[in-house]
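Structure first, then comments.
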Amino acid sequence: MATMKGGVGKTTSAHAVASVFAEHERVLLVDIDPQATLTKAIGVSHPHTLYDVLMGTARPQSAVALLSESLAIMPSQIEMAEAEIAISGRIGRERLLSRILAPLASEFDVAIIDTPPSLGLLTVNALVASRGVVVPTQPQAADLYGLREFLLTTIVQVQEFLNPILEVIGVLVTQYMKRVNHHREALVIMEQAELPLLDAVIPRTVKVAEALGVGESIVTYQPSHPASAAYVAVAEEINQWRRNLR
Ligand SMILES: Nc1ncnc2c1ncn2[C@@H]1O[C@H](COP(=O)(O)OP(=O)(O)O)[C@@H](O)[C@H]1O
Ligand SMILES: [Mg+2]
């Protein structure tokens with residue numbers, strides 16, 4: 001889940017999709033955001049985090065915190081912002097996360113990375129370690145420029161220089177209110193702009209924040225809520241994309 005903007009639903013979506021996948025697969029959530037929103041929301045307290053692994057003071061396996069039988073998280077911490085600076089001079093600095101996750105591949109079926117809202121080295125590491133990227137956005141026509149910029153510049157450059165097998169799974173519209181005129185208009189404008197929109201659209205609901213308040217995703221908190229159904233549909237679209245891989 002990546003874009004350059006904050007507050008668009010990256011963390012919420014990463015958590016929700018991971019919950020859906022975890023019903024049938026072994027899922028690793030990776031929090032690479034120094035704000036550690038996901039780590040804090042879930043309430044993980046684990047002796048090691050991705051920060052330690054990036055700094056070379058812990059092994060990848062020791063920074064994996066089990067949340068359930070099929071869901072685990074590699075947590076973040078605020079010091080991750082320092083790690084971004086610390087790794088900036090290293091050779092292979094864009095591939096550190098990729099190398100960290102490699103030895104865990106046999107333990108998990110899928111990894112979902114929650115990125116920071118900026119295009120720094122941490123986000124680039126996430127894009128280099130990924131096969132596919134979902135780009136969450138709010139239904140705002142004003143965001144179109146930044147969105148296109150991210151898709152056409154950042155992702156294309158990562159594909160060209162660092163990770164040729166990276167694919168855009170789709171743009172995910174979140175926090176949608178169908179009764180709001182400018183939301184409906186924004187959706188039409190995004191379609192006309194030929195953005196690779198996912199079919200599923202996530203409705204805005206206070207239940208999302210409520211779920212986070214108790215450390216859960218909407219999907220486990222209120223499985224029958226329309227927003228949960230929408231995330232199940234997103235997971236199915238991602239699965240369709242996965243089936244076409246290789
Ligand atoms: N579908 C939704 N309905 C209502 N609020 C939402 C929804 N998705 C996210 N939010 C809220 O919007 C804020 C930003 O979401 P978040 O997932 O943290 O975005 P990001 O990771 O892109 O910064 C949070 O307060 C979150 O609870
Ligand atoms: Mg976030």
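Since every read-out is calculated from the coordinates, none of them should be taken as a lab result. This structure is a prediction, so every number in the text was calculated from the model and none was measured. Don't worry about glycine lacking a Cβ; one is built from the backbone with ideal geometry, like all the others, and counts go over all protein chains shown.
Treating the angle as unsigned and between 0 and 90°, give the value, to the nearest 10°, between the Cα long axis of helix 181-192 and the longest Cα principal axis of the chain. Helix 181-192 sits at roughly 70 degrees to that axis.
A Cβ-based charge dipole, computed about the Cα centre of the chain with Lys and Arg at +1 and Asp and Glu at -1, lands at about 100 debye.
Across region 64-76, coupling constants 3J(HN,Hα) worked out from phi with the 6.51/-1.76/1.60 Karplus curve, θ = phi - 60°, read 9, 9, 6, 9, 7, 4, 10, 10, 9, 9, 9, x, 10 Hz, and Gly and Pro carry x.
Per residue, the convex hull spanned by the Cα atoms of region 151-200 amounts to 86 cubic angstrom. Normalised by the number of residues in the chain, the average gap of Cα pairs under 8 Å and 6 or more apart makes the relative contact order 24 percent.
Across the chain, the fraction of Cα-Cα pairs farther apart than 23 Å, rounded to a whole number, is 47%. For region 115-246, the percent of C-alpha pairs falling in each 5 Å distance bin, counted from 0 to the bin holding the largest distance, reads 2, 9, 17, 19, 20, 18, 10, 3, 0. The amide H of I112, built 1.01 Å from its N in the peptide plane, has L28, L29, V30 as neighbours under 5 Å, considering only residues 5 or more places off or on other chains. Computed per residue of the chain from DSSP H runs no shorter than four, each worth -39500 (n - 2.57), the mean residue ellipticity at 222 nm is -11000 deg cm²/dmol.
Within the shell defined by Cβ-Cβ distances under 14 Å, the residues around R99 carry a net charge of +3, with Lys and Arg each +1 and Asp and Glu each -1. A Gaussian network model of the chain, with springs between Cα atoms under 10 Å, assigns the largest mean-square fluctuation among E23, E194, E216 to E194. Averaging Cα coordinates gives a centre for region 1-37 and one for region 101-178; these two points are 11 Å apart.
Counted by Cβ distance under 14 Å from A235, the other residues give a net charge of -4, where Lys and Arg count +1 and Asp and Glu count -1.
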